[in-house]
Amino acid sequence: MANDCEGPLYTVEDLEGMPDDGRRYELVDGALHVSPATGHRHQKVVSKLIMFLGNRCPGDLEVLSAPFSVRPSPTVELQPDVLVTRAEDVTDKLLPVAPLLVVEVLSPSTAAYDLNTKKAVYERLGVVGYWIVDPREPTLSVFELDAEGCYELVAEVKGGDAFHATAPFSVRIVPDDLLSPWGEPGSDERALRTSLS
């Protein structure tokens, strides 16, 4: 479970000294959040998202996955499961501005953190699109900023239903495809075709 450390505020410089132990270390307004290493199901969904989004991503944008830091201030550093950003905004080590799209894949230990804390921070930073994938259903929930800068649920698709995204670029995502076996005959080719359609 993501843990809040009580006591003094941390900065991004403090993260440099954290152990390389497979856990995710993030800062939200100086509070340290530590999440356990992700499991197989989570990794599989992230890998498929990278494939689907990467195959449709225009040349001026980039699709990246954790561990890659979004560091907009000295007391905020997040590592989204998947993000889409302008290529010109990325440095060798991190993204110093808000991405265009963030995707978080829920795990039992981090679901509340992703659905509440991280969602609120992404909204505050002005991340236009926030997608949440629940691999247990499977379900894709899509939030976008409204005219007041608040997240609004604009789509929720389950199983074999498709979500046709238009921002930050056109792509079709089917939740079931994110969990289909890599070796299932025709599954990867079918999933790739749907992402390119």
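The values are calculated or read from the model by the stated rules, or taken from the named source; none is laboratory data. Because the structure is a prediction, the values reported are computed rather than measured. Positions of Cβ are backbone-derived with ideal geometry, glycine not excepted, and every protein chain shown enters the neighbour counts. Heads up: the accessible areas ignore ligands, DNA and RNA and are worked out on the full protein's heavy atoms, side chains in. Shrake-Rupley method; radii C 1.70, N 1.55, O 1.52, S 1.80 Å.
Odds and ends about this structure:
- In the stretch 36-63, the residue that is modelled with the lowest pLDDT out of those that are surrounded by fewer than 19 Cβ atoms within 10 Å (Cβ to Cβ) and under 16 Å from Leu78 (Cα atoms) is Ala37.
- Single unsatisfied condition, Ala2 versus (1) modelled with pLDDT of 90 or more; (2) touching a Phe, Trp or Tyr at 6+ places or on another chain (Cβ under 6 Å); (3) crowded, with 17+ Cβ neighbours inside 10 Å: (1)
- Within the stretch 123-160, the set of residues being on the phi > 0 side of the Ramachandran plot and open to solvent by 20 Å² or more (accessible area, probe 1.4 Å) comprises Gly126, Gly149.
- Looking only at residues in the stretch 27-68 that are in contact (Cβ under 8 Å) with a residue 24 or more places away in the chain and of a type in the set (S, T, N, Q), the one that is farthest from Ala120 (Cα to Cα) is Asn55.
- Flag if Leu9 is buried (at least 19 other Cβ atoms within 10 Å of the Cβ) and either modelled with pLDDT under 95 or within 14 Å of the chain's Cα centre (by Cα) (or both): no
- Of everything in the stretch 81-122 that is surrounded by 15 or more Cβ atoms within 10 Å (Cβ to Cβ) and of a type in the set (Asp, Glu), the residue that is farthest from Thr166 (Cα to Cα) is Asp114.
- Flag for Val63 being under 19 Å from Phe169 (Cβ atoms) and in a strand (DSSP E or B): yes
- Test result for Arg71, without any contact (Cβ under 8 Å) to a residue 60 or more places away in the chain and either surrounded by 18 or more Cβ atoms within 10 Å (Cβ to Cβ) or part of a loop (DSSP other than H, G, I, E, B) (or both): yes
A quick yes/no check of all residues on (1) modelled with pLDDT of 95 or more; (2) outside any loop (DSSP other than H, G, I, E, B):
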| position | (1), (2) |
| --- | --- |
| Thr91 | yes, no |
| Val103 | yes, yes |
| Ser107 | no, no |
| Tyr113 | no, yes |
| Arg124 | yes, yes |
| Ile132 | yes, yes |
| Glu144 | yes, yes |
